[in-house]
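Enquirer: Please see the structure below; I have some questions.
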Amino acid sequence: MEALKRILGIVWMLLGLAAGYYLLVSQAIPQFQSDNPDDLVPAIIYTFILAPLITGGLIIFGYYALIGEYSEDRM
C-alpha cells in the first residue's frame with residue numbers, strides 16, 4: 001500500500017502540471033488574445049490566481065505522498 005501511495009504521488013504531481021498547462025493554454029491564452037475586453041479579467045484570474053493555486057496544491061500533495069508523509073507509521 002505504501003508503494004501505491006508513492007506512485008500516486010507522482011501521478012498527483014503530473015496531474016498538477018497537466019492542469020496548470022491546460023488552464024493556461026486552453027483557457028487563459030485564448031482569452032488574452034481575444035479582442036473582447038470582457039475576456040481580460042477571467043484570463044488574469046486563470047493565470048495569476050487559479051493556475052498557481054491548483055498546480056501548487058496538487059504538486060505539494062503529490063510530493064508529500066512521494067516522500068511518505070502519509071504513511072501509516074507516521075501517525
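Enquirer: Please report, ordered by residue number, the helices (runs of 4 or more DSSP H) entirely within the chain with at least 2 residues that are in contact (Cβ under 8 Å) with a residue 24 or more places away in the chain and out of contact with any Gly (no Cβ under 7 Å at 6 or more places or on another chain).
Expert: 2-22, 51-67
Enquirer: Now for a separate question. Out of all the residues in the stretch 15-47, which are surrounded by fewer than 17 Cβ atoms within 10 Å (Cβ to Cβ) and under 27 Å from Leu66 (Cα atoms)?
Expert: Matches in the stretch 15-47: Leu17, Ala18, Tyr21, Tyr22.
Enquirer: Here is a further query. Consider Ile7 carefully, then state whether it is β-branched (Val, Ile, Thr) and either touching a Ser or Thr at 6+ places or on another chain (Cβ under 7 Å) or under 30 Å from Ser71 (Cα atoms) (or both).
Expert: Yes, satisfied.
Throughout, read-outs are computed from the coordinates displayed, never taken from laboratory work. This one's a predicted model, so the numbers in the text were calculated from it and none came from an experiment. No Cβ is skipped: glycine too gets one built from the backbone with ideal geometry, and neighbour counts run over all protein chains shown.
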